[in-house]
Amino acid sequence: MLKRRLFPLIFCFPLAAICQENPGRNTISVGAGGGFPTGGVETFTSAVPSSAAFSASYEFRLFKYFAPEVGVVNLIPSYIMNFDPNAGPPSAERLRVTLLSLGGRGIAPLNHGRLELFAGAAAVYVSSSNSALFYYYSPRWIGQVNGGGRIAIDKRRRFWIGPTVRFSRDGGRPSQEWVSLTGDFAFRF
């Protein structure tokens, strides 16, 4: 009998937590923008041009000023092949470069929590649909720094918009360097 009475209460507590005025600890964001290969042995050449970038990330607000984050950025440049003028005209192939990041960021809430600035660092695993992009066995794990800001667009601070810039490169002699700038839409719960 007691179990039957407690069963509806179990579903009331999560509903009450969702309806609270306090913003949540989880933030999911998606974004679109531009991706730019900025240096390195293979990516510095004109073979890999700037392209569109699409991002998605999840962060868990562990403390008021710190959140671990996992994110992914997909760049889709056209890779120029066949540079030899004797072999015919150059051809372009659309490829995908994926940057999967695992890291953390510091967050500075401003204006009573309606505006946030953030900066962070992460380890990034790089993969591509074309193995020729990883010239001379360049590392698949590289470092990243990121930063940006976001502003709440509703009174309850559930929906946010803002830019994020990410700079990724390897630690030694630069064999690859990537920059992405995206405009993000985030939902906090």
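A few remarks follow.
- Residues that are at pLDDT 90 or above and over 13 Å from Thr164 (Cβ atoms) were ranked within the stretch 26-41; the one that is farthest from the chain's Cα centre (by Cα) is Asn26.
- Number of the condition not met by Arg150 [criteria: (1) over 18 Å from Leu75 (Cα atoms); (2) in contact with a Phe, Trp or Tyr (Cβ under 7 Å, 6 or more places away or on another chain); (3) modelled with pLDDT under 70]: (3)
- Some residue of the stretch 157-167 being more than 18 Å from Ala56 (Cβ to Cβ), surrounded by 21 or more Cβ atoms within 10 Å (Cβ to Cβ), more than 13 Å from the chain's Cα centre (by Cα) and touching a residue at least 24 places away in the same chain (Cβ under 8 Å): no
- Scanning the stretch 42-62 turns up one or more residues that are modelled with pLDDT of 55 or more, of a type in the set (Gly, Ala, Ser) and farther than 24 Å from Gly147 by Cβ.
- Residue count for the stretch 107-127, restricted to those that are outside any strand (DSSP E or B) and either of a type outside the set (S, T, N, Q) or in contact with an Asp or Glu (Cβ under 9 Å, 6 or more places away or on another chain) (or both): 3
- For the stretch 95-127, a residue qualifies if it is surrounded by fewer than 20 Cβ atoms within 10 Å (Cβ to Cβ) and touching a Pro at 6+ places or on another chain (Cβ under 6 Å), and exactly one does: Gly104.
The values are calculated or read from the model by the stated rules, or taken from the named source; none is laboratory data. Treat the numbers as computed from the prediction; the structure is a model and nothing was measured. Ideal geometry is used to build each Cβ from the backbone, glycine not excepted, and the neighbour counts take in all protein chains shown.
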